[in-house]
1. Of GLU95, GLU84, which residue is at pLDDT below 90 and not in a loop (DSSP other than H, G, I, E, B)?
2. So is GLU56 touching a Leu at 6+ places or on another chain (Cβ under 9 Å) and either acidic (Asp, Glu) or part of a helix (DSSP H, G or I) (or both) or not?
3. Only one of (1) out of contact with any Phe, Trp or Tyr (no Cβ under 8 Å at 6 or more places or on another chain); (2) surrounded by 13 or more Cβ atoms within 10 Å (Cβ to Cβ) fails for ASP40. Which number is that?
4. Identify, by number, the condition in (1) of a type in the set (Asp, Glu); (2) without any contact (Cβ under 8 Å) to a residue 12 or more places away in the chain; (3) touching a strand residue (DSSP E or B) at 6+ places or on another chain (Cβ under 8 Å) that GLU56 doesn't meet.
5. Could you tell me whether any residue of segment 63-76 is hydrophobic (A, V, I, L, M, F, W, C), loosely packed, with under 10 Cβ neighbours inside 10 Å and within 42 Å of the chain's Cα centre (by Cα)?
6. Tell me the residue from MET127, MET142 that is surrounded by 10 or more Cβ atoms within 10 Å (Cβ to Cβ), modelled with pLDDT of 75 or more and in contact with a helix residue (DSSP H, G or I) (Cβ under 9 Å, 6 or more places away or on another chain), please.
7. Considering (1) without any contact (Cβ under 8 Å) to a residue 12 or more places away in the chain; (2) surrounded by 10 or more Cβ atoms within 10 Å (Cβ to Cβ); (3) in a loop (DSSP other than H, G, I, E, B), say which one ARG114 fails and leave the rest.
8. Taking into account only those residues within segment 1-47 that are basic (Lys, Arg) and touching a residue at least 24 places away in the same chain (Cβ under 8 Å), which is nearest to VAL62 (Cα to Cα)?
Amino acid sequence: MGRGKIEIKRIENTTNRQVTFCKRRNGLLKKAYELSVLCDAEVALVVFSSRGRLYEYATSSVKASIERYKKACSDTTNNGFASEANAQNELLFAEIEYMQKREMELQNDNVYLRNKVAENERVQQQMDMLPSTATTTEYEVMPSYDSRNLLQVNIMQPNQHYTHQQRTALQLDEI
């Protein structure tokens, strides 16, 4: 026959409450002792009764256990803060490195685009120097570029006109 379960709530009768406190306190002290012996653990137990009386158990000293507890808590708090700060620093350094690489890429793109603009201006000046009968429209001479990746679009157009020298070179390749 097993023990009956009781509802965990405050015991209203003061005599019953005091008896229950004594029994459970003794059981708790016994469990603390058993834990320290069986597991070779440092155990410190401090209990204050409703009347303010102190009951304690410690494998070494309650004071030493409390100091050890305070030290462990402060180390954990500091280590947690330090590791969080280190993680934030690593993220910031990674972001800085990414931004520096991106800046270099953008500078390279800028140089490339400046060269293209200069080349297009040079071609435009050469076209302006040609006699008006020999010039074609701007759009036929200047190559078109895809703005997303700056590649020339329609490199081999079927209706391109080649000079006589170019046609000869093409005919030799086909033979």
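1. None of the others qualify; the one that does is GLU84.
2. yes
3. Unmet condition: (2).
4. (2)
5. No; the residues of segment 63-76 include none that is hydrophobic (A, V, I, L, M, F, W, C), loosely packed, with under 10 Cβ neighbours inside 10 Å and within 42 Å of the chain's Cα centre (by Cα).
6. MET127
7. (3)
8. Applying the filter and picking the extreme gives ARG25.
The values are calculated or read from the model by the stated rules, or taken from the named source; none is laboratory data. Quick caveat, the model's predicted, so the values are computed rather than measured. Counting neighbours? That spans all protein chains shown, and the Cβs are built from the backbone with ideal geometry, glycine included.
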